[in-house]
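Heads up, the thing below is written out as structure tokens.
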Amino acid sequence: MRHSEFHRSHRIGWLRAAVLGANDGIVSTASLVIGVASANASHEAILLTGVAGLVSGAMSMAAGEYVSVSSQADTEAADIARETEELATQPEHELEELTGIYISRGLTADLAKKVAMQLTAHNALAAHARDELGIIEAMNARPVQAALASASTFALGALLPLLVVLLNPTSLVMCVALMSLVFLAFLGGLAAKAGGAGILKGLLRVTFWGALAMLATAGVGSLFGVVAT
Ligand SMILES: [Zn+2]
């Protein structure tokens, strides 16, 4: 019978990388732009800084995500290889191990043994990977997918404050800060809703840190602005 309940865990991997990337894009690019603008740089210099921030940030997100997810993939592959070896060399011990896992999950010894034997007969490696190593097919590490998701969402996030810079409003720092906080609040709320968590909490959490980052760079930028003149 088809599993009808809807579980959000299916979207964890993609959602987490996407929201983190977009948040990062908005916060780091808006902070960069605000910092340079606060130092009284020209509009061209501010725009250039924003574009450079977008490209470098997207590349570093992609590289970071690719490296971290690849090493996770390496670890999973090494665990699976060792498990395959153990299943081939000591099947009785592995069967006992699996039985023990089911007993610890609440099955009677008798039933646990039966379940372990049937699952071993059906697909021993899959049973051990899932129940012993916690490697589930759906959560398999996909480095390229994760890197692309992170880089593209970072770039999308970074584009938002950049669009404000392109419009060149008179009080640029204020406009970039306010618009970025609006974007962050929307993203934070969206991510919280999609993840089944409290919208307000999610919203406040991301706008607080975003505001803090922009305040810090505005402070540093104005300091440089004063020193430079
Ligand atoms: Zn095992």
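Values as computed for the structure displayed
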| read-out | value |
| --- | --- |
| Breaking point among (1) buried (at least 21 other Cβ atoms within 10 Å of the Cβ); (2) within 16 Å of the chain's Cα centre (by Cα); (3) touching a residue at least 40 places away in the same chain (Cβ under 8 Å), for Gly202 | (3) |
| Exclusive hit being at pLDDT 95 or above and under 19 Å from Thr170 (Cβ atoms), set Ala30, Ala52, Ala39 | Ala30 |
| Among the residues listed as Ala213, Ala185, Ala197, the single one being under 21 Å from the mean Cα position of the chain (by Cα), under 19 Å from Leu156 (Cβ atoms), open to solvent by less than 80 Å² (accessible area, probe 1.4 Å) and free of Cβ contacts under 8 Å to residues at least 60 places away in the same chain | Ala185 |
| Filter result for Leu107 (away from the ligand (no atom under 16 Å from the Cβ) and more than 30 Å from Asn40 (Cα to Cα)) | yes |
| Enumeration of residues in segment 101-117 that are closer than 23 Å to Glu85 by Cβ and loosely packed, with under 15 Cβ neighbours inside 10 Å | Met117 |
| Considering residues of segment 27-73 that are outside any helix (DSSP H, G or I) and open to solvent by 50 Å² or more (accessible area, probe 1.4 Å) only, the residue nearest to Val164 (Cα to Cα) | Ser42 |
| Qualifying residue in segment 123-130 (condition: more than 16 Å from the ligand (Cβ to nearest atom) and either open to solvent by less than 80 Å² (accessible area, probe 1.4 Å) or touching a strand residue (DSSP E or B) at 6+ places or on another chain (Cβ under 6 Å) (or both)) | no |
| Flag if Tyr66 is of a type in the set (Phe, Trp, Tyr) and within 16 Å of the ligand (Cβ to nearest atom) | no |
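The values are calculated or read from the model by the stated rules, or taken from the named source; none is laboratory data. Keep in mind it's a predicted model, so treat the numbers as computed, not measured. Positions of Cβ are backbone-derived with ideal geometry, glycine not excepted, and every protein chain shown enters the neighbour counts. Remember, those area values only see protein heavy atoms, side chains included, never the ligands or the DNA or RNA. Shrake-Rupley method; radii C 1.70, N 1.55, O 1.52, S 1.80 Å.
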